[in-house]
Number of protein chains: 2
Amino acid sequence: MSKDTLPGLTLCNNAMLRRAARKLGQFYDDVMAPSGLKATQQGLLYQIHIGNEPAMGAIAASLIMDLSALGHTLKPLIRDGYVETFADPDDRRIKRVRLTPRGLVKLDEAMKLWSVAQQRFEDVVGKDQAAKLRAALDDIAALDFDLPAS
Amino acid sequence: MSKDTLPGLTLCNNAMLRRAARKLGQFYDDVMAPSGLKATQQGLLYQIHIGNEPAMGAIAASLIMDLSALGHTLKPLIRDGYVETFADPDDRRIKRVRLTPRGLVKLDEAMKLWSVAQQRFEDVVGKDQAAKLRAALDDIAALDFDLPAS
DNA sequence: CGTTAATGGTGGCATATGCCACTAAATGAA
DNA sequence: TTCATTTAGTGGCATATGCCACCATTAACG
């Protein structure tokens with residue numbers, strides 16, 4: 001097979017997913033820029049907000065994110081005073097996370113912008129299509145790739 | 001609306017996309033680990049391979065990636081001797097990229113592992129479903145979110 | 001021509017993510 | 001109780017990505 005006829009990267013599920021994520025990330029980030037938050041940060045603040053002073057491990061699990069990666073991502077938010085952490089009194093290994101009042105205000109501000117981006121996205125691709133896409137992505141997130149231990 | 005009844009992050013198209021990308025990335029990376037390449041690097045080598053000594057800008061455009069981000073990502077691959085760059089003789093602003101022989105060998109090795117991951121993914125989600133997903137992701141990558149300039 | 005504008009990349013800085021080695025704390029077994 | 005094991009996070013290091021300011025080159029225009 002000549003190099004010229006090799007299929008493009010369009011065949012790789014992972015590459016396509018990353019590519020779409022870059023594209024959509026740029027769009028959401030653009031819209032949210034006035035808040036000073038990236039879309040990832042808004043998502044993280046929101047996740048913390050809807051949790052009940054969630055433990056770091058719990059957040060990482062919901063987001064399917066490495067625990068240490070979460071720790072890193074949290075740092076700028078703590079530095080900027082949007083988030084604070086405290087040890088769980090019943091198990092001092094566990095560190096819980098909550099929004100500060102300042103963080104709550106910032107989240108409100110960011111959510112307004114998020115709505116704009118979200119709305120615009122759904123206008124462009126269609127509400128149904130968007131819902132289907134999210135469902136498909138949710139399925140992927142739930143997949144188990146382990147070979148069944150026979 | 002009480003905090004307890006707020007919808008999860010499942011509603012955000014962008015967050016879901018990133019989450020699925022983390023999940024799938026971890027899987028592909030795991031499978032490709034023996035090659036010493038990350039899935040992103042394999043994808044980049046492949047993109048360079050199928051291009052005709054592509055210019056950096058061309059690669060960045062196909063991957064919907066920031067040009068400077070591409071430059072950064074390329075560095076470890078150049079350092080490890082998989083890739084080399086050279087100025088286009090007709091326009092010295094343009095820097096073209098190609099695989100070294102070593103890079104070609106490494107790509108072959110990585111592609112074998114990639115096939116394993118790709119195959120496993122399609123076994124789990126179904127070949128049709130995977131194709132539909134890639135099509136949907138390709139559509140997203142092609143979207144234009146600009147408001148029509150009236 | 002020569003000045004101006006547009007194009008293609010680089011480097012610095014910042015966030016996003018992951019892996020690994022290591023520490024502290026809680027659990028379980030002897 | 002005491003020691004091995006498991007659990008929850010941290011810090012260091014590396015890649016992934018983006019934005020912005022800046023440089024070199026080329027194209028455009030008067």
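The set of residues in the stretch B:37-89 being among the acidic types (Asp, Glu), more than 7 Å from DNA strand D (Cβ to nearest atom) and either under 16 Å from the mean Cα position of the chain (by Cα) or open to solvent by 30 Å² or more (accessible area, probe 1.4 Å) (or both) consists of B:53, B:80, B:84. Cβ-Cβ distances below 9 Å connect the following pairs, each with a first residue in the stretch A:105-126 that is within 12 Å of chain B (Cβ to nearest Cβ), a second residue that is charged (D, E, K, R) and open to solvent by less than 60 Å² (accessible area, probe 1.4 Å), and a separation of six or more residues or different chains: A:117/A:29. In this structure, does residue A:96 turn out to be surrounded by 15 or more Cβ atoms within 10 Å (Cβ to Cβ), at negative phi and either acidic (Asp, Glu) or not in a helix (DSSP H, G or I) (or both)? Considered against the rule, which asks whether it is surrounded by 15 or more Cβ atoms within 10 Å (Cβ to Cβ), at negative phi and either acidic (Asp, Glu) or not in a helix (DSSP H, G or I) (or both), residue A:96 comes out as yes.
The lone criterion from (1) within 28 Å of residue B:75 (Cβ to Cβ); (2) open to solvent by 70 Å² or more (accessible area, probe 1.4 Å); (3) under 18 Å from the mean Cα position of the chain (by Cα) left unmet by residue B:142 is number (1).
State yes or no: is residue B:105 modelled with pLDDT of 95 or more and either under 18 Å from residue B:33 (Cα atoms) or away from DNA strand D (no atom under 12 Å from the Cβ) (or both)? So residue B:105 fits the description; yes. The criterion of being surrounded by fewer than 18 Cβ atoms within 10 Å (Cβ to Cβ) and at pLDDT 95 or above holds for residue B:26. One residue stands out among those in the stretch B:108-117 that are away from DNA strand D (no atom under 14 Å from the Cβ) and buried (at least 19 other Cβ atoms within 10 Å of the Cβ): the one that is farthest from residue A:138 (Cα to Cα), which is B:113.
The values are calculated or read from the model by the stated rules, or taken from the named source; none is laboratory data. Not measured: the values here are computed from a predicted model. All Cβ positions, even for glycine, are placed from backbone atoms using ideal geometry, and neighbour counts span all protein chains on display. Side chains are part of the model used for accessible areas, which takes the heavy atoms of the whole protein and leaves out ligands, DNA and RNA. Shrake-Rupley method; radii C 1.70, N 1.55, O 1.52, S 1.80 Å.
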